[in-house]
């Protein structure tokens, strides 16, 4: 845990010594606000809840999370510093978890800075704050899932641009897995069991359950399992640099 904490602090510090962190936070807040008030019709809905705000998070993350994850390993590989990192008295698992937790914590900071919208719904009405909290927690776990995917894909290429494109594409497919756009591709040749499995992979479906205030254990297990799976793949991808 000590080694993971050291890596986490190192990575968190690296975010804020470059404009990347501030650019990401500003863009995230601006886009979240624009989607909430213009596309979501926050005031027109005349309801004191966060649905107009939270429903667009999966699509925001599809674009913005890969912008964070693309540098996690691709930058180290391209600069040749990954070999140095692997010679330090830490395990690959500790390095992967430390980098992932730093990126996840940074995303949590950006998400927490949207708190004025929560204050607004409490000022305008009497919302279900339990459902609002569940929505925030669900959004945070969903961001962790996207980051785990992006971190793994960042470890298989030395190009940050390629890592971004791959992560955005995979995250889009996982988000829209329950939509006709994806299901129709499988419907032509796959059976109902395969379609049900593909549908169960949808970030959107699992997240929609949470923002309704229904915290189903299956949704929590889904996000945690996805994070664990891709972090494991991340460790395997990084291990190829051992002894290089």
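The values are calculated or read from the model by the stated rules, or taken from the named source; none is laboratory data. Here the structure is a predicted model, which is why all the values come from computation and not from measurement. No Cβ is skipped: glycine too gets one built from the backbone with ideal geometry, and neighbour counts run over all protein chains shown.
At-a-glance table
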quantity	calculated
Breaking point among (1) in contact with a helix residue (DSSP H, G or I) (Cβ under 8 Å, 6 or more places away or on another chain); (2) surrounded by fewer than 14 Cβ atoms within 10 Å (Cβ to Cβ); (3) under 25 Å from residue 17 (Cβ atoms), for residue 150	(2)
Qualifying position, being over 30 Å from residue 1 (Cβ atoms) and in contact (Cβ under 8 Å) with a residue 40 or more places away in the chain, among 110, 132	132
Conditions (1) farther than 29 Å from residue 50 by Cα; (2) part of a helix (DSSP H, G or I); (3) more than 14 Å from the chain's Cα centre (by Cα); number of the one not met by residue 157	(2)
Positions within region 190-204 being at pLDDT 75 or above and either surrounded by 14 or more Cβ atoms within 10 Å (Cβ to Cβ) or under 23 Å from the mean Cα position of the chain (by Cα) (or both), in sequence order	197, 198, 199, 200, 201, 202, 203, 204
Matching option when the condition is loosely packed, with under 15 Cβ neighbours inside 10 Å and under 14 Å from residue 59 (Cβ atoms), among 187, 179	179
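Listed here are the residues, each with its yes/no results for (1) assigned to a helix (DSSP H, G or I); (2) over 15 Å from the mean Cα position of the chain (by Cα); (3) within 29 Å of residue 128 (Cα to Cα).
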residue: 170; (1), (2), (3): yes, no, no
residue: 177; (1), (2), (3): no, yes, no
residue: 181; (1), (2), (3): yes, yes, no
residue: 215; (1), (2), (3): no, yes, yes
residue: 235; (1), (2), (3): yes, yes, no
